[in-house]
């Protein structure tokens, strides 16, 4: 393998695929433990064993686990994620709709949160231990340490109940126009943004501070270079790698945060879907949604790894 | 006498050590004339680096200037604004750091980093800076001067980077350059090339320089005047030649003392061979190049075999093979005629006990959370089954042996000095009552005077206990002092081996000659002579060896 | 006592605030039965009685005293979090050390396994497993313990590997010391500081996870008081202008902030960084 870039990416992609397989097995095992209960749950505790058995046969639950897994895997690779037990609709159809909503939430948040988070982190690092740094750090600490639902409810209390500017429940659907949609999603976006900005700011700040302690930064000072030049030409090119890691890792955090926020604001996204499915013991939906989440997680981590290696100047220019 | 360029008066600098401000430069003064090279020499903690940096008006984080004045060509630097200081740095005064590899930004080419300071200070435009970089790279003997500027720091070797940094410093045509231990991290043979190039470039441009080092022999080559520092105080100051010929202070005399060559007479063939290394060939797992090629070495009971080589010679790898950390591809290690198992984990305790090792960095060779008495005591218990009161007594005995006070038993490693730590490591090795001790660069990280103390201790212990040493080092002065037999290694193979007398008298193998000739001597003309001889082809250089 | 004073002096303002907060909640948790004015599930008044009225924080959605529930909640949630964190830490650290010390195949297998498990987002994994096996307290402890053992494994392994390359570990190996000695006497003492800081951080994550799970209905079950469940239970009140759910939520936030403040300062000191660098 001559191309250095390929030799970095390919092994990691292979690893990612391996992990996804492992994840799908784990999820199936986890969901399996539910299987026994489903039929009893649907039919009630007093049901006859034969009725339960018939139900299991109908749902395909009587076949051994590994057969079901292979069948499921085969279907997934063709795009068929099964049928929901609760409402008999195609799982992929449900996921598709909800995924769009969740992505909208994530994208809108990221658009705002990423640049703000990085900027605040860089400023805090440059003016380390000054009033600005302390103010930023304290505020973000409050947001990070609080559970998402707290931030969500506080914002709801302020903006929806007290001020009445924004709707408390974010019932979004595709028929909405651009601005109506934005208004309806404003609160969940704000909540998610606050948490993400906080995480990103802290991680960026830490990376930049450790970067600023490098010997070549001291050397630049000793060469009498202007501070602006030192930051832009010396610090920044080496900062991309850690910053990219920070951004992508935070996108991964967002995936988990989204779940709670969607429940708080009753936002029709993937997170709300999996919570409902779990409470209803809707196996295929759980399996499908969990796979989507896990895949996104794995892909994002993979991306973080690859991008930060590519951004490392030592690797780009080989001996 | 040319005009005074830098006039430092009564400077007091304090450093924040564990919450307390302590003086590290204690009311020192210096004057530097135009075109003069001043050598600042001292052991670690002397304050020489801190003192030298003040010419830039710079103190490292954690240090502060308390009082005194720094006058650079009429301008007072103490209390200057940042903007003013920036005008001077990289412009009138330039800095060459100890580690070029760390001081170059990995994200930019050498030429870019060369050009930014002079261009920003308005000295020249980009195009002219490029031309100048080629000119200076050529003057400093860098290979392919036209194109080397397009490379990135990690694509260039250590010695080349050091020269590139010197070129960068010369780029702005400064009045003063500060050299902060520029060759300390380099191999002895590379060091010569860099020193020669620096001296020539500096003299040619009549630049004043402050040369900071702990190695008096090196400073002797470069400086016109020398200041000897110790713990922030001035010990002696004067003209370089005079000081070398007639040192006034005891401390200076000690620093100048070249280690004596110890005589050793014995009949090689009659003595008892303790360890036999036969045909060892080895490589690190997963690599395709042999790092050791067919090595054969005999170690005689009670004697010292010194293995000399530079980085990449394989000398440390040899130690790893002997101890079983790296199984060889071929060959065997025989102890008293019996073959030792290749892997460490297969060896019986008795074998492990007989061969002990002492490391280069005593700081990391001891567990910081263990007390000294436990560090020394563990081998006693583990190998000899000595416990309780008997163990305590043995530990005290050993502490006495290594010339440390008995209270040290209760201390932790961090509370000891560098030399004291290494003594404890020696005690730890002795506690096992070994037959052979492998010393892996044990004095390389220590100040000269401290190192001498360690070597003396080791020699005395050898006389008393009849223990053998395999002494790995890159420093020929140490070899001359301690060795009975010498093995010279180069790139994984043995170049030459024999008794000390045989190796150190001519005729020499080319590589041995290169090594021997590269060791700086206290003669101020030594460097110039060597450079001349090399140019005339009378002395070997690194290129002539590899061809 | 003297040691404590020295410790206190060493902390800056924010860390001191953190220590005060954490101690306050710990105190409430330990002495809950004596501090709470009413019982944990005692119905004492009308639904959502106002804050600051007859009852200090008012009453919750079925008329129980909010203050008492908060105090008991501190005990329940903190106890659960500490036990879970300890479980995850012990498992993760031991495995991480083994992987680092033994290296080779053992390390590879363990690391791959952990890579896979860690790739499922924690909340999702907890949701799935808990809905499958139920939410008995012992199950909660086990599930959270195992899930969080994964990141602990990674960190413990990284810390152990940093230490393992030191010459003093090699010196011990050369002596012939066995695995147990290496792990417990050579590596562990030097790993205590980073691991202790990590323990505090993990506690926060676990605490937040429990709160989120309870909020979603999968944590401690009623009638046990639990801050997350209390937020959920009182959530509907917000629409009517009742701010009750904000109080347990604020408590969660306060405790985690307190721990973070404390840990931040500790980690900073331990890493040897300087304030002016």
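How big is D, in µm² s⁻¹, for segment B:380-426 by Stokes-Einstein at 37 °C and 0.692 mPa s if Rh is the Kirkwood radius over C-alpha pairs? Intermediate values should be presented prior to the final figure.
Working: Rh = 11.3 Å.
Once the numbers are plugged in, D ends up at 290 µm²/s.
Debye sum, Cα scatterers, segment B:368-450, no solvent: what log₁₀ I/I(0) at q = 0.13 1/Å?
These q points yield log10 I(q)/I(0) values of -0.39.
Grab the beta carbon distance between residue B:513 and residue A:17, set R0 = 56 Å, and tell me the FRET efficiency rounded to 0.05. Can you show the working numbers first?
Working: r = 58 Å, r/R0 = 1.04.
Efficiency, rounded to the nearest 0.05: 0.45.
Going by the alpha-carbon gyration tensor, a ≥ b ≥ c the square roots of its eigenvalues, is segment C:111-270 rounded (a/c under 1.5) or, if a/c is not under 1.5, prolate (a/b greater than b/c) versus oblate? Please report the intermediate quantities before stating the final value.
On the way: a/c = 3.46, a/b = 2.02, b/c = 1.71.
It is prolate, given that a/c is not under 1.5 and a/b is the larger ratio.
Going by how many other Cβ atoms sit within 10 Å of their own, how do A:234, B:214, A:66 line up, fewest first? Please report the intermediate quantities before stating the final value.
Details: A:234 25, B:214 18, A:66 10.
Ascending Cβ contact count within 10 Å gives the list A:66, B:214, A:234.
Bins of 10 Å, beginning at zero and ending with the bin holding the largest distance: percent of Cα pairs per bin for chain A, please.
5, 20, 25, 23, 16, 7, 2, 1, 0
Where Rh denotes the Kirkwood radius from the mean inverse Cα pair distance, what is Rg over Rh for the protein assembly as shown? Please report the intermediate quantities before stating the final value.
Values: Rg = 35.2 Å, Rh = 34.5 Å.
A ratio of 1.02.
Roughly speaking, what is the centre-to-centre gap between segment A:80-151 and segment B:18-84 when only Cα atoms are used, to the nearest Å?
First find each Cα centre; the distance between them is then 50 Å.
What is the average number of partner chain Cβ atoms found within 10 Å of a Cβ in A:204-212?
On the way: counts 0, 0, 0, 0, 0, 2, 3, 0, 1.
Mean shielding count: 1.
Taking neighbour counts of Cβ atoms within 10 Å as a proxy for exposure, in what order, fewest first, do B:336, C:244 appear?
Values: B:336 13, C:244 24.
Ranking B:336, C:244 by Cβ neighbours within 10 Å, fewest first, gives B:336, C:244.
Cα centroid distance between segment A:209-268 and segment C:183-200, in Å?
Between the Cα centre of segment A:209-268 and that of segment C:183-200, the gap is 29 Å.
Counting alpha carbon pairs within less than 8 Å and at least 6 residues apart, what relative contact order, in whole percent, applies to segment C:2-273? Numbers along the way, then the final one.
Details: 375 pairs, mean separation 68.5, N = 272.
Averaging sequence separation for qualifying contacts and normalising by length gives 25 percent for segment C:2-273.
Mean-square fluctuation check for chain C, GNM, Cα pairs under 10 Å: which of C:242, C:89, C:72 is largest?
Between C:242, C:89, C:72, it is C:242 that shows the largest mean-square fluctuation.
Is the shape of segment C:2-273 rounded, prolate or oblate, going by the alpha carbon gyration tensor and its root eigenvalues a ≥ b ≥ c, with a/c under 1.5 for rounded and a/b larger than b/c for prolate?
Values: a/c = 2.96, a/b = 1.78, b/c = 1.67.
Verdict is prolate for segment C:2-273.
Pick from A:50, A:185, A:241 the residue whose mean-square fluctuation is largest in a GNM of chain A, springs joining Cα atoms under 10 Å.
Top of the fluctuation ranking is A:50.
When the Cα centres of segment B:409-429 and segment B:374-405 are compared, how far apart do they sit, in Å?
13
What does the convex hull of the Cα atoms of chain B come to per residue, in Å³, rounded to a whole number? Write out the running numbers ahead of the final one.
Details: hull volume 95.2 nm³, N = 547.
Here the figure is 174 Å³ per residue.
Specify the residue with the greatest mean-square fluctuation among C:125, C:239, C:99, computed from a Gaussian network of chain C linking alpha-carbon atoms under 10 Å apart.
Looking only at C:125, C:239, C:99, the largest GNM fluctuation is found for C:239.
Rounded to the nearest 0.05, what FRET efficiency do residue A:236 and residue B:276 give with R0 = 56 Å and r taken as the Cβ-Cβ distance? Could you check?
Values: r = 59 Å, r/R0 = 1.05.
That gives a FRET efficiency of 0.45.
Taking square-rooted eigenvalues a ≥ b ≥ c of the alpha carbon gyration tensor, is segment B:290-341 rounded, prolate or oblate, where a/c under 1.5 means rounded and, failing that, a/b exceeding b/c means prolate? Intermediate results must be reported in sequence, preceding the final value.
Values: a/c = 2.00, a/b = 1.15, b/c = 1.74.
It is oblate, given that a/c is not under 1.5 and a/b is not larger than b/c.
With runs of 4+ DSSP H residues as the only contributors, calculate the mean residue ellipticity of chain B at 222 nm using -39,500 (n - 2.57) per run, divided by the residue total and rounded to the nearest 500.
Numbers: 22 runs with 208 residues, N = 547.
Only helices count here, giving -11000 deg cm²/dmol.
Need one number for segment B:271-515: average projected area of the convex hull over its C-alpha atoms, nm².
Working: hull surface 54.1 nm².
That works out to 13.5 nm², a quarter of the Cα hull's surface.
State, as an integer percentage, the relative contact order of chain B based on alpha-carbon contacts under 8 Å between residues 6 or more apart. Please list the in-between numbers first.
On the way: 1041 pairs, mean separation 78.9, N = 547.
For chain B, the relative contact order is 14 percent.
Which ordering of C:1, A:203 is given by a fewest-first count of other beta-carbon atoms within 10 Å? All intermediate terms of the calculation are to be shown ahead of the outcome.
Details: C:1 5, A:203 20.
The most exposed by this proxy come first: C:1, A:203.
Relative contact order for chain A: what percent, with Cα pairs under 8 Å and sequence separation of 6 or more?
Values: 336 pairs, mean separation 87.1, N = 319.
Averaging sequence separation for qualifying contacts and normalising by length gives 27 percent for chain A.
Computed from the coordinates by the stated procedures, all read-outs in this text should not be read as laboratory data. All values reported here derive from a predicted model rather than from experimental measurement. So basically every Cβ, Gly included, is an ideal-geometry build from the backbone, and we count neighbours across all protein chains shown.
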